[in-house]
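The values are calculated or read from the model by the stated rules, or taken from the named source; none is laboratory data. A quick note: this is a predicted structure, and the numbers were derived from the prediction, not measured. Quick reminder, even Gly has a Cβ in these numbers, built from the backbone with ideal geometry, and neighbours come from all protein chains shown. Each accessible area value is taken on the protein alone, full model and side chains, heavy atoms only, with ligands, DNA and RNA left out. Shrake-Rupley method; radii C 1.70, N 1.55, O 1.52, S 1.80 Å.
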Amino acid sequence: MPVREYTMSELSEVLTVCEEDLAEYVRQQNLELKPNGNLTKKSSQLVFEFFQNGVSLNGKKNGIQPNTKDNSFFESEDGRIKIYRQDVLTFLSQLPNESVDLIITDPAYSGMNQMLKLGRGKIIGKYSEKGDGQRWFEEFHDTEQNYHVFLDECYRVLKKNRHIYIMFDSYSLLSLAPLARKVFDVKNIVVWDKLNIGLGHYFRRRHEFILFASKGKRPLSLKSIPDVWRIKRVTRFQYPAQKPVELFEAMLVGSAEKDFVVLDPFLGSGSSAIASIKRNCQFLGCDIAQSSFDTSKKRISNYFSTRRDILQPQCLVVDEAMIKILGNG
Ligand SMILES: C[S@@+](CC[C@H](N)C(=O)[O-])C[C@H]1O[C@@H](n2cnc3c(N)ncnc32)[C@H](O)[C@@H]1O
């Protein structure tokens with residue numbers, strides 16, 4: 001648990017709770033404050049415990065104790081795939097040190113969404129259907145400080161000599177990706193080429209970025225993978241921002257071994273979970289949204305019983321080189 005002294009506003013950001021609710025809880029519980037108004041370490045710990053769905057860790061990093069009473073934990077029958085509905089930082093704080101073999105993730109950046117309000121301040125595309133101020137899903141509050149906590153936690157839970165892949169849009173690549181270099185050894189920025197243009201005010205977006213980095217030393221399993229991945233986007237998606245399973249499979253081909261524990265703390269529709277099943281890995285995922293949890297649970301269960309992916313029935317790789325790479329993995 002990342003417990004230290006916190007200011008009220010820091011804690012409300014980290015736990016994504018409203019500052020007034022937090023202050024009210026602190027008042028009711030008569031929690032100790034420092035003379036400068038910060039919560040003491042002990043008070044911060046109690047607040048963490050309360051706001052993480054009643055899961056008490058007693059200050060120990062023993063791993064997550066799933067709360068199966070509410071609809072926030074699902075485990076596949078073979079026990080290899082586990083998903084949780086929880087905030088990313090709370091979730092990571094409960095994982096033991098060096099317990100994960102690979103991180104592959106696609107965060108919901110709030111910065112990009114602010115930048116989408118370009119031109120005359122109108123939100124474009126499907127966003128506009130939600131009305132002003134509405135969002136597809138909860139965003140991770142990617143202040144520099146929060147992002148640091150996120151990266152530090154990823155570093156802590158990742159084993160030595162292992163890899164991490166983090167997806168970025170062009171805005172967050174400029175603002176947040178440089179922070180990753182302070183924590184991980186950044187090796188590449190891979191370009192995901194979606195083959196068709198999307199929406200945009202200036203040059204129409206056809207790509208996203210994937211930062212590839214390591215903790216310690218580890219070569220890629222396959223030496224012939226280029227840094228541009230040509231994979232079509234999901235067009236008729238059933239979950240916003242659903243990514244192709246093959247995108248995550250390419251990461252696994254580069255960095256996973258059989259039975260590796262793969263982590264995605266921004267699970268979305270569960271594409272990374274399906275990729276992990278296909279590549280014989282174990283999987284741990286979390287997402288703050290109930291809709292993500294429900295969608296992923298259904299998708300994973302269905303995949304286990306039918307070997308069919310209900311959210312992405314067709315392969316989205318059309319590029320010969322990419323087909324060969326995925327076939328080699
Ligand atoms: C870009 S989507 C991930 C899409 C996913 N890669 C897929 O293929 O479906 C980002 C996800 O982050 C989740 N999210 C936002 N804030 C979060 C938070 N604080 N903790 C955990 N998940 C969060 C959103 O609910 C959303 O499902």
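Counting only the heavy atoms of the protein chains, how much of residue 143 is accessible to a 1.4 Å probe, in Å² to the nearest 10?
Taking all protein chains as shown, residue 143 has close to 60 Å².
Based on the Cβ-Cβ distance of residue 306 and residue 99, what FRET efficiency does E = 1/(1 + (r/R0)^6) give at R0 = 30 Å, to the nearest 0.05? It would help to have the intermediate numbers written out before the result.
Values: r = 31 Å, r/R0 = 1.03.
Calculated transfer efficiency: 0.45.
Given a 1.4 Å probe, how much area per residue of the range 151-250 is accessible, in Å²? If you can, show how the numbers build up before the last one.
Values: 5030 Å² over 100 residues.
On a per-residue basis, the range 151-250 sits at 50 Å².
What FRET efficiency would be calculated for the residue pair residue 218, residue 42, taking the C-beta separation as r and a Förster radius of 41 Å, to the nearest 0.05?
Working: r = 39 Å, r/R0 = 0.94.
For R0 = 41 Å, the calculated efficiency reads 0.60.
Collect residues whose amide H, placed 1.01 Å from N in the peptide plane, falls under 5 Å from the amide H of residue 230; neighbours closer than 5 in sequence don't count.
193
Return the carbon/sulfur percentage of the accessible area of the range 173-246, one whole number, probe 1.4 Å, all protein chains in place. Don't skip to the answer; put the middle values down first.
Numbers: 2350 of 4300 Å².
Result for the range 173-246: 55 percent of the exposed heavy-atom area is carbon or sulfur.
Given a 1.4 Å probe and the protein chains all in place, what does the accessible area of residue 171 round to, in Å² to the nearest 10?
80
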